[in-house]
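The structure appears below as structure tokens.
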Amino acid sequence: MFAGLLSGPVAIAAQLDLLTTKKPDPVSTKKIGKRAAPKKDQAARHPWKKPKITWPKAAVVTSALPGPGTAVKAGKLPVRLERPAGKKSGAAESHGSQKVQVQVLDRATTESLGVAGIALALRPVSATKSSVDVEIDYSGFRNAYGGDWASRLTLRTLPTCALTSPGKKKCATGVELPTDNDTDTHSLTAAVSLPAAAPSDTSEGARPVVPAGAKYSVAANTVLLAATAQEAGPSGDFGATSLAPSASWAAGGSSGAFSWTYPIDTPDIAGNLVPELKLGYSSQSVDGRTAATNNQANGIGDGWSMEPGYIERQYVSCSDDKKGSNTTAEVGDLCWKKDNAVINLGGQSNILIKDSTSGEWHLENDDGTKVEKLSSTARANGDNDGEYWRVTTPDGTRYFFGYNRPAGWATGKEETNSTWTVPVYGNQTGEPCHATAFKDSWCQQA
């Protein structure tokens with residue numbers, strides 16, 4: 001090495017003799033014995049244990065309710081019934097005993113309803129219309145799901161046709177009840193209105209819900225209840241993460257952000273027309289997210305992203321879109337407002353503007369990119385009319401969004417699964433999927 005750095009005369013002048021250079025003594029070592037950690041491992045002291053989950057067994061109990069203000073437990077079921085104090089909704093509540101049948105449905109029936117919780121059936125035996133406070137003890141199954149599921153539990157009524165005629169549109173949704181969720185006592189309480197039992201249908205022997213082949217037979221005047229979780233609760237929003245608006249933000253110089261990219265190799269093809277894929281990290285990528293947005297990290301990690309591109313449409317709450325609506329009820333569903341879209345492609349976001357005359361779409365900052373919204377049920381992407389987008393950039397490159405089944409697709413081949421849909425109501429005349437009744441005015445929209 002020295003010979004390579006020093007010329008011959010210099011080496012001689014320095015009288016360097018590499019062959020006689022003394023080798024350094026090896027560093028002495030010794031084996032280190034095991035030592036206990038200076039701090040106790042708290043994770044090891046408190047290992048995670050799988051919680052015990054006890055779903056209530058299917059059973060039917062007939063409970064006699066005494067006067068208002070006195071709760072009665074329905075046998076061994078995790079259900080308590082009570083007449084509301086200070087209310088008189090009929091003679092059955094004012095005088096004598098009121099009887100109500102309570103049935104907890106089995107797990108197979110509950111799951112067939114799409115309920116991640118428990119389902120109940122209440123059948124009045126008294127011949128007078130009444131109201132009853134229903135309390136459900138969920139302590140046995142409060143840890144059935146993650147995401148602080150128990151704190152988001154609520155009670156809702158389900159139409160009986162969900163059991164008798166499964167698959168119908170009007171039977172897919174229910175009505176949420178004002179519910180008191182006490183996370184300290186692990187109980188749900190809601191007031192439930194019960195219809196009057198027919199004079200000929202006051203027998204206590206009949207079950208509210210009985211299997212009848214692939215369907216179920218539901219006794220007259222039976223009320224179905226489901227204890228299931230909302231998307232949001234006191235611990236945060238656990239619904240599907242909306243695409244955050246961070247990409248449309250801009251910052252000046254000296255922003256202090258740390259960014260890093262990691263390229264992903266792709267197979268070589270003729271013409272070198274391969275996509276450029278990379279993982280990107282930005283310490284400021286969370287700046288567009290606040291306490292009012294759903295801030296769950298993606299599958300790559302918080303601050304990380306891989307943006308192949310997307311087109312997203314925004315909808316509004318039906319409660320904020322009541323002008324000319326076919327419902328005045330306070331519902332938590334999404335409704336169509338107007339045709340709109342936002343595109344993220346090539347690391348840039350752009351609002352898509354629709355020409356009201358020609359129906360054509362353009363970028364807000366138009367650079368010559370051609371944007372087309374098309375539809376074909378052959379795409380089978382989950383949208384009600386198979387909507388998808390074709391974007392052609394000025395260099396001639398075409399991008400497809402929501403195409404799902406590429407050209408040449410055949411049964412058994414993979415699909416792209418590139419379309420996310422949600423139920424959307426067309427609650428006003430002229431809107432997609434609009435019908436006379438609000439309950440029939442919905443369809444899956446991308």
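A short reminder: the numbers here are calculations on the coordinates, not readings from a lab. All of these numbers come straight from a predicted model, not from anything done at the bench. Backbone-built Cβ (ideal geometry, glycine too); neighbour counts: all protein chains shown.
Tabulated data
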| quantity | calculated |
| --- | --- |
| Kirkwood Rh (inverse of mean 1/r, distinct Cα pairs), segment 308-446, angstrom | 16.4 Å |
| Restraint check, Lys73/Lys99; Lys52/Lys215; Lys129/Lys322; Lys168/Lys337; Lys370/Lys413, Cα-Cα greater than 21 Å | Lys52/Lys215; Lys129/Lys322; Lys168/Lys337; Lys370/Lys413 |
| Dipole magnitude of segment 110-209, debye to nearest 20 (Cβ charges: Lys/Arg +1, Asp/Glu -1, about Cα centre) | 600 debye |
| Computed label-point distance, nm, for sites Ile353 and Ala214 using a 7 Å Cα→Cβ extension | 5.3 nm |
| Selection from Gly382, Gly332, Leu345 lying farthest towards where the dipole of segment 308-388 points positive, charges on Cβ | Gly332 |
